[in-house]
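Each reported figure results from applying straightforward, stated rules to the coordinates on display, with no laboratory input. Because the structure is a prediction, the values reported are computed rather than measured. As a convention, Cβ positions derive from the backbone with ideal geometry for all residues, glycine included, and neighbour counts pool all protein chains shown.
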Amino acid sequence: MLDPRAARRFKKNRGAVVGLFLVILLVLFALFAPALTGQDPNLSDFAHGQNALGQPAGVSSLHWMGVDQLYRDLLSRLAYGARVSLLIAFFATGLSIGVGALVGLVSGYAESTRGQGVDTALMRFVDVGLSFPYLLLVMAIGAAVGRTTIVTILMVLGLTSWFGTARIIRSKTIQVRSLDFIVASRALGQSTWRILARHILPNVAGPLIVIASASVAQMIIAESVLSYLQVGLPPPTPSWGSMLQEGQHYLTIAPRLAVAPGFMIFLSVIGFNLVGEGLRDALDPHED
Amino acid sequence: MRSIRTRTERALGVLAAVVALATSGCSKDGVRPPIGHARDIPPQHGGVLHTAFFVDVRSLDSATAFDTGSAAIELLIYDTLVSYDQKGHMKPLLAESVDVSPDGRHYTFTLRRGVVMQDGNELQASDVKRSLERVLDSGTPCPVPSFYDRIAGYKAFHNGKAKHLAGVRVTGDYTVVIDLAEPDATFMQKMALPITAPVCRTAGRKYNREFSPCGAGAYKLVRFEHGQVIELERNQGYWQKGKPYLDRIVWYLSMQSYTQRFKFEDGQIDYMREFNEADSMLYRSAKSWRGMGAWEPSMLTAGVFLNCQMAPFDNLHMRRAVTFAINRKQIASVRPGHVRPQYKVVPNAIIPESPGYPGQRYDYQRALEEMRLAGYPYDPKTGKGGYPHTIGYLAVLDAFSSQSAQIVQQQLARIGIHIEIQVVGYPTYLAKAGRKHTVQMGVVGWNADYPDASDFFEPILSTSAIQPENSQNAAFFSNKELDALLVKARDSQDQAARLGMYRHAEQIVADQAPWATTHSYRYFELWQPYVHGYRPNPILQQDVRNMWFDTAERKRALADNCLGPIRALSRLCRRGRAGSTIALALGSR
């Protein structure tokens, strides 16, 4: 995906490499940790879950990170929570980037042409979307949807976060559209959709990749916030946000219940942000 | 170079100072020790009680306020004709005596003389009648007028056809007789509710939203800011000479439990009830707090309602399968101490459980057998069979409701019933659970309005409690035998016979399974050693009317507490270089 020079620049960036390492670790954790622990994340272990004081049991050979307040394996829930978070974050980002890119391309290409009306309508809609506080909008829609599933959450997140992307891609499209090779393509009679797909899209891919990597981090936070406020996925689905919410009541006797999911959110957000920054620097030709 | 070193030393010093300050008050128990000691001294006047609620208080007008939060404050502002003593027995309060006719239909209340209301007027029998009429007037949004529907003339008055409530007669300045159309074994308990308390003449004859709470209670309302604070001051003209003891009471509202806990540790809250699970465990296991605090008796029954008008719970065997599949001890184990298994509808604080008493028990094999009888056999070895559809389960947005739902979900999966939990806010829960043909099952709970078994059957399990909307009977359970039994039990004046009837009612509920009872919840209450005169009342929640402070001990202990961090610092200061660094840091500005 990256040309060799950009890849070289990315490799030289220590922060980006650390970020990539964190992201890979996270993905591996989500994929393999459940198999390693062999514990059902939704099943309470009433036989071994309590310590002598009646508190959720700590680290043991059976539960490597102890159990949560319902005596379920904490490590297993963290791993399944990673799956949920990453799944939602990746798909919501895909949806957001897809819609944002499409709107941005169409709007940018239509600007100052006969299709100016399309550009105006789309950009005013984007203005309206940007004027809403993002998380408030997500929470309101989440609450209105009522019955929440992974699909509804990622749809809500994806369909409410593309406005900024559309704005950036529109600007980039206006820039690229006026270049000679686009004028030549038009003169050769290529269709608008073909020009957009074959010539403009590849030229705006760099910013899209950067936006996407930063957006994954944003989606992880948004999903965690929804779950923390109990308008996310219904119980018992493990989610870092809901684990943090439930764990905070046990901060004084079992801090790991809140610290562990909080740390996972922190690591994943910092990982994706570092990768995003690394990509931005790597794809910037001025870096050479 | 020198300046850099000095800066580093200062930074280290500040860090050490912060650590010293942060750790100075901690103990090995994980909680700070009590503030001061309990001295054996006679009751004293003075002091300001600071305490808090997690919830807000909606209203303090006794005619309309009926939520848990307002009840404790109402006890302070309004005295009732009758109340409960520390053992939970009924006692006259504003009434000097109460005579009940042998047929249980006429109650004569003789009032104490010289009781001055908070507006300066003397309490008279006409105030009792006026206050009752104000509550039961059709224009008053009283949440429970039906509690008093057996008073003679209630219907005509409540419907606006009569000007006065005929069943309440003023027979002298200090005597009021209440006539019932039919006997009601729970009438005295209902007269102990703040809703019937005499209110000042400033309240008028009709309900008015602008009424400033005013009664014959021990404390006067000074300030009420929704979501913030309620402040009360001592009623100087209180009829019980020498009481109350405290000068003021400051009751914070909408305060998170962990905020309450840290304020309690600092002495900014003197008495606390709403510990979260972790903090409650810490205090109960802390050596320095050993023997202090007390459990408040639980008057709540929680469970799972099963909608008898909706599939699959229109099938009796499916309902029974659920009641047998729920392991109540497992639910209770999640919050040891606070949550206890509950096997019957009426809490043990009202009718104690005894061997052989009807109730619902965990029996896995019976649950599987009931699934077979219901037509949905389930094989636990292969996991095949069971009810083929996912059932919606309504839970409320509070921590334990959601937690118990998740345990029930695991337990029902073991008999082939799969539920999907939907967590909603309380208003949504009430709307959905109370609407006909809407929710198949969900969490349910009932807290006693007054300590009688009837309050646990009539409002929630009788046919009369079924409504198309806002039905209190969320199970939409209708059983003629139970209905007849409840009416008979309410009419009866024979307590032993009534107990027998409620035992029978429990049997019907256990057999017909409209509810699967799961647990009861009780609070752990704690107060600083300088707080005296308080023990949880078995009936009245947070009755702090007799509380008093050892103000001298409080002052001394709090001063000591403030000096703690400084002493910790001075100890560190005496340790050579670290000391000079800290001294440097502290002296740097």
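Considering only Cα-Cα distances, which of the following residue pairs are longer than 26 Å: B:K344/B:K381; B:K155/B:K432; B:K163/B:K190? Going by Cα-Cα distance, B:K344/B:K381; B:K155/B:K432 fall outside the 26 Å limit.
Extending 7 Å from the Cα toward the beta-carbon at both A:A7 and B:E182 defines two label points whose distance is 8.8 nm. Neighbours of B:D483, meaning other residues whose beta-carbon lies under 12 angstrom from its beta-carbon, give a summed charge of +1 when Lys and Arg score +1 and Asp and Glu score -1. Projecting the Cα atoms of B:V229, B:N208, B:T186 onto the dipole axis of segment B:134-230, where Lys and Arg carry +1 and Asp and Glu carry -1 at the beta carbon, places B:N208 farthest toward the positive end. For segment B:534-555 versus segment B:142-169, the spacing of their alpha-carbon centroids is 37 Å.
Pairs over the 25 Å Cα-Cα cut-off, from the set B:K87/B:K241; B:K129/B:K220; B:K329/B:K384; B:K220/B:K243: B:K329/B:K384. Each distinct pair of alpha carbons in the protein assembly as shown adds a 1/r term; the inverse of their mean, the Kirkwood radius, is 31.9 Å. Size descriptors for chain B: radius of gyration and Dmax over Cα atoms are 28.0, 98 Å. Treating r as the C-beta distance of B:V48 and B:Q240 and R0 as 25 Å, the FRET efficiency rounds to 0.80.
Shielding by partners for peptide B:276-288, expressed as the average number of C-beta atoms from other protein chains within 10 Å of each residue's C-beta, is 4.
Evaluated with a Cβ-only charge set (Lys, Arg +1; Asp, Glu -1), segment B:95-150 carries a dipole of roughly 20 debye about its Cα centre, given to the nearest 20.
A Förster radius of 56 Å, combined with the Cβ-Cβ distance separating B:V170 from B:R290, puts the computed FRET efficiency at roughly 0.55. DSSP assigns beta bridges within segment B:379-475; of those with both partners inside it, close to 10 percent run antiparallel. For the listed peptides A:239-245, B:98-104, a ranking on the average number of other beta carbons within 10 Å per residue, highest first, reads A:239-245, B:98-104. The peptide list B:151-161, B:449-459, put in order of mean Cβ contacts within 10 Å with the highest first, becomes B:449-459, B:151-161.
Amide H to amide H distances under 5 Å link B:E96 with B:T110, B:L111, B:R112, where only residues 5 or more positions off or on other chains count and H is placed in the peptide plane.
Ordering B:M501, A:V259, B:G172 by Cα displacement along the dipole of the protein assembly as shown toward the positive end leaves A:V259 in first place; charges were set at the Cβ atoms of Lys, Arg (+1) and Asp, Glu (-1).
Straight-distance candidates among the lysines for linking to A:K172, with alpha-carbon spacing under 28 Å and chain neighbours fewer than 8 residues away dropped: A:K11, A:K12. GNM on chain A, C-alpha springs below 10 Å: top fluctuator among A:R77, A:R14, A:R114? Comparing A:R77, A:R14, A:R114 in the GNM, the peak value goes to A:R114. As a size descriptor, the averaged projected area of the C-alpha convex hull of segment B:343-448 was calculated at 8.4 nm². Take A:208-219, B:107-118, A:172-183 and order them by the average number of nearby Cβ atoms within 10 Å per residue, most first; the result is A:208-219, B:107-118, A:172-183. The length gained on full extension between A:M155 and A:L87, counted as 0.36 nm times the residue separation minus their Cα-Cα distance, comes to 23.3 nm. Here segment B:128-209 is treated with +1 on each Lys and Arg Cβ and -1 on each Asp and Glu Cβ, and its dipole about the Cα centre works out to around 400 debye.
Scattering from segment A:177-232 was approximated by placing one identical point on each alpha carbon and applying the Debye formula without solvent; log10 I(q)/I(0) at 0.15, 0.18, 0.20, 0.30 1/Å stands at -0.59, -0.67, -0.73, -1.07.
In chain B, helical runs assigned H by DSSP with n ≥ 4 each contribute -39500 (n - 2.57); averaged across all residues and rounded to the nearest 500, the mean residue ellipticity at 222 nm is -10000 deg cm²/dmol. Compared with the rule-of-thumb size 2.2 N^0.38 Å for a compact globular protein, segment A:1-109 has a Cα radius of gyration ratio of 1.57. Entry note, segment B:131-224: relative contact order of 29 percent, from Cα contacts under 8 Å with a spacing of 6+ residues. For A:V59 and A:V18, a Förster radius of 25 Å and the Cβ-Cβ distance give a FRET efficiency of 0.35, rounded to the nearest 0.05. Taking a point 7 Å out from the Cα of B:L316 in the direction of its Cβ, the residues of segment B:372-401 whose backbone N falls within less than 20 Å of it are B:372-377.
Neighbouring Cβ atoms from other chains, within 10 Å of the Cβ of residues in A:241-252, number 3 on average. Residue by residue along B:117-126, Cβ atoms of other protein chains within 10 Å of the local Cβ number 0 on average.
Derived value for segment B:391-515: Kirkwood hydrodynamic radius 15.8 Å. Basis is the mean of 1/r over every pair of different alpha-carbon atoms. Given a cut-off of 37 Å, what percent of all Cα-Cα pairs of chain A lie beyond it? Of the Cα pairs, 26 percent sit more than 37 Å apart.
A simple count of charges around B:Q403, restricted to other residues whose Cβ falls under 12 Å of its Cβ and scoring Lys, Arg +1 and Asp, Glu -1, yields -2. What shape does segment B:158-301 take by its C-alpha gyration tensor, where a ≥ b ≥ c are the square roots of the eigenvalues and a/c under 1.5 counts as rounded, a/b above b/c as prolate, and the rest as oblate? Cα axes put segment B:158-301 in the prolate bin. The slack in the chain from B:R535 to B:E481, taken as 0.36 nm per residue of separation less the alpha-carbon distance, amounts to 15.3 nm.
Cross-link partners of B:K161 among aspartates and glutamates, defined as those whose alpha carbon lies under 16 angstrom from its own and excluding same-chain residues fewer than eight positions apart: B:E133, B:D137, B:D149. Pairwise alpha-carbon distances in segment B:78-212 exceed 27 Å for 14% of all pairs.
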